[in-house]
Amino acid sequence: MSRTSKREQTAVRSPSSTAQAGASPVRLGLRANWEQFALLVAVNAFVGAMVGVERVLLPLLAEREFALASRAAILSFIMSFGVVKAIANLFAGRISERWGRKKILVAGWLFALPVPAIILLAPSWRWVVLANMLLGVNQGLSWSTTVIMKVDLVGPQSRGLAMGLNEASGYLAVSAAALVSSYLAGSLGLRETLFWMGEIIAVSGLLLSSVFVHETLHHVRFEARQTQQDEQRSFAEVLLLTSWKDRALFAVSQAGMVNNLNDGMVWGLLPLYFAARGLSLERIGFLAALYPAVWGSMQLVTGVLSDRTGRKWMIALGMLVQAAGIALFVVGSSLAMWSVAAVFLGLGTAMVYPTLLAAVGDVAHPSWRASAVGVYRLWRDGGYAVGALLAGWLADAFGVRWAIDAVGVLTFLSGIIVAVVMYETRQSVGVPK
């Protein structure tokens, strides 16, 4: 853990910048805010677990209980999830700058509550797709807000570490929930497991967020006052800057999109691919859990490492490692080889995921950082929709192996784009180029 700088220990006691309790001064830094930071790590674990429950079970539910043969139809739940989550990400960043972070976090959990019940009672696949649209709102609002709140708390010194801890908690929870749900489904059934696990997670996340989490908007306002620049920007300016005009933010946005494109493929196609190769539900669950387990745990290392070595090459190399892992899924023909592929894919994603968010935090000024995070996450989670459409169409037209190969090639090309286009952001805090 990095040492708290002098600026991080600076405190003010004005009414507009006091903590929720009304007496504590605002201080930036991980050590100064460790209690709220740890609570937000726990909240994000519940956010991740909400998706992890579906990781193995929903593609199998489509095939076994709803008799869907088309891979594109099966992946429609990921497409709807990705589109809605991407839009929710965009608005979460912007409206949290006006209404506050906590309100958006709690609202996200309210959207999660009906999801398990809808899946349990769904008379057709369309109802499952509807449930996943609500889940997309939950993930877009809640996950985005936990990211923004952690960046608010730590200030400029330890963003990589903060994002590593945030993403590690979320994806280790994805892994654990995927593994537990695959084992429980053997005795409880697919829908019943989705219902009971989902409701317990949603209620727990809502209670933690509404009762114990404090607002962090005053932290970001305090940080903004410490900078030498006044960078008020319109939403349209932030959208263009993050999407295209800034080289680093463009590189980050496209890499995030391709990263989630391949994650959508892993979520929707690999359980069906492994089932067709004769693997049991428990072994499919093991592989589905191994990838996010490596992804989650290694972010504790890669986030800190990017604070020291920089962002650019961590991202570029991470995309290339992901591409190698995807290729191994096709080349491999045994549980051992597929396990190695899952480790490679998880390691590459761990190199990329927290570093992308840290890079956005490096470039964006505190006054428009939440909006920039929202735009980045719009493109990143839009990758789920693009991946579902592309992988579903290719799988139906040419076979699942072709779909996996194509996603691997796109991932490789994305890494090359980062290497060629992106500038190093670690020393570019609040100075877009």
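Derivation of every value follows stated rules applied to the coordinates shown; laboratory data play no part. For clarity, every value in this text was computed on a predicted model and none was experimentally measured. Using ideal geometry, Cβ is built from the backbone for each residue, glycine included, and neighbour counts are taken over all protein chains shown.
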Evaluate the Debye formula for the chain with equal point scatterers sitting on the alpha carbons, no solvent, and hand back log10 of I(q)/I(0) at q = 0.06 Å⁻¹, in q order, two decimals. -0.22
If one compares the long axis through the Cα atoms of helix 190-211 with the longest principal axis of the Cα atoms of the chain, the angle in degrees, nearest 10, works out at 10 degrees
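Out of the trypsin sites (Lys or Arg not before Pro) in the stretch 254-354, which ones are loop residues according to DSSP with at most 16 other C-beta atoms within 10 Å?
On the way: sites: 277, 283, 308, 311, 312; in loops: 277, 311.
Here the trypsin sites (Lys or Arg not before Pro) that fit, given the DSSP loop and packing criteria, are 277.
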On a 0 to 90 degree scale, rounded to 10, what angle separates helix 281-309 from the longest Cα axis of the chain? 20 degrees
Taking springs between alpha-carbon atoms closer than 10 angstrom, which of 234, 96, 414 fluctuates most in the Gaussian network model of the chain? 234
Length-normalised contact order for the stretch 316-372 - Cα pairs under 8 Å, 6+ apart - percent: 36 percent
Can you give me the angle between helix 312-331 and the longest principal axis of the chain, using Cα atoms only, in degrees from 0 to 90, rounded to the nearest 10? 10 degrees
Tell me which aspartates and glutamates have Cα within less than 15 Å of residue 312's Cα, excluding those fewer than 8 residues away on the same chain? 246, 362, 424
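Take the Cβ-Cβ distance between residue 69 and residue 196 as r, set R0 to 25 Å, and report the resulting FRET efficiency rounded to the nearest 0.05. Please report the intermediate quantities before stating the final value.
Details: r = 29 Å, r/R0 = 1.16.
Working from the Cβ atoms, E equals 0.30.
So for the chain, averaging the separation of alpha carbon pairs under 8 Å that are six or more residues apart and normalising by length, what relative contact order in percent results? Mind dumping the intermediate values first?
Numbers: 858 pairs, mean separation 110.2, N = 433.
For the chain, the relative contact order is 25 percent.
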With only helices counted (DSSP H, runs n ≥ 4, each -39500 (n - 2.57)), the per-residue ellipticity at 222 nm for the chain, to the nearest 500, works out to -26000 deg cm²/dmol
Neighbour-count ranking [beta-carbon atoms within 10 angstrom, fewest first] of 362, 246: 246, 362
Between residue 331 and residue 393, what length comes free when the chain is fully extended (0.36 nm per residue of separation minus the Cα-Cα distance, one decimal in nm)? 20.2 nm
Applying the gyration tensor rule to the Cα atoms of the stretch 344-411 (axes a ≥ b ≥ c; rounded if a/c under 1.5, else prolate if a/b exceeds b/c, else oblate), the class is oblate
